[in-house]
Amino acid sequence: LNRGETPATPSMCELKHTIGIASIKAGSHEAEAAKSCDDNELSEWQSDGKMENAWITYQLQEKVAVDEITVKLTGWRDKMYPLEIYAGKRLLWKGYTYPTLGYVHIPIAHPVKSDEITIRMVGDIKTVSESGDTAELAGGKAGELDQIRATKGKINLRIVEIDFLKNR
């Protein structure tokens with residue numbers, strides 16, 4: 001209270017806008033696909049382990065140029081997923097995700113207006129050990145979605161949460 005009144009101007013500035021998802025198609029387990037964007041970090045969608053089915057397509061609520069995709073993938077601490085991301089049929093991004101303590105931020109260098117984004121896994125998951133022994137602040141390890149084992153030759157795309165962002 002000794003610092004004065006609350007300023008009348010906004011205390012923050014929104015830099016990005018979340019783009020809504022209208023519907024989802026998937027190469028497998030389509031009935032579970034909504035778990036990839038349900039705001040529940042204890043659920044996930046995963047493909048069936050076959051390369052040809054390791055994809056998911058999000059129909060966006062509007063045709064827009066996506067500037068960034070944030071995604072939490074199962075095994076986020078020590079897994080690197082080889083992905084391709086498409087706007088319609090146009091390749092936006094290709095590479096390996098990085099291990100993280102949460103969300104991978106994938107900036108789109110050359111955004112393309114589209115109302116359809118497809119995430120496709122194109123190879124085996126790589127496992128790294130740099131961050132695998134990090135404990136949660138609350139104590140102990142993270143839940144089972146963080147502690148998965150990758151099976152060689154099984155191409156399992158596993159998405160806990162995904163968001164599509166547009167710069168303001």
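Any read-out appearing in this document is the output of simple, stated calculations on the displayed coordinates, not a laboratory observation. Bear in mind that the values here come from a model prediction, so they are computed numbers and not experimental data. Cβ coordinates were reconstructed from backbone atoms using ideal geometry, including for glycine residues, and neighbour counts include every protein chain displayed.
What lysines could a cross-link reach from Lys16, if we take a straight Cα to Cα line under 30 Å and drop same-chain neighbours fewer than 8 places away? The qualifying lysines are Lys25, Lys35, Lys63, Lys72, Lys79, Lys89, Lys94, Lys113, Lys166.
Of all the options Gly27, Gly153, Gly75, the one that moves most in a Gaussian network model of the chain with Cα springs shorter than 10 angstrom is Gly153.
Among the listed values [x] 29, 23, 14; [y] 31, 19, 13; [z] 28, 18, 16, the one computed from these coordinates for semi-axes √(5λ) of the Cα gyration tensor in Å is [x]. Under 5 Å from the amide H of Ile24 lie the amide H atoms of Gln59, each residue being 5 or more positions distant or on a separate chain, with H modelled from the backbone and absent for Pro and chain starts. In this rough spin-label picture, where each label sits 7 Å from Cα along the Cβ direction, the Glu5-Lys154 distance is 6.3 nm.
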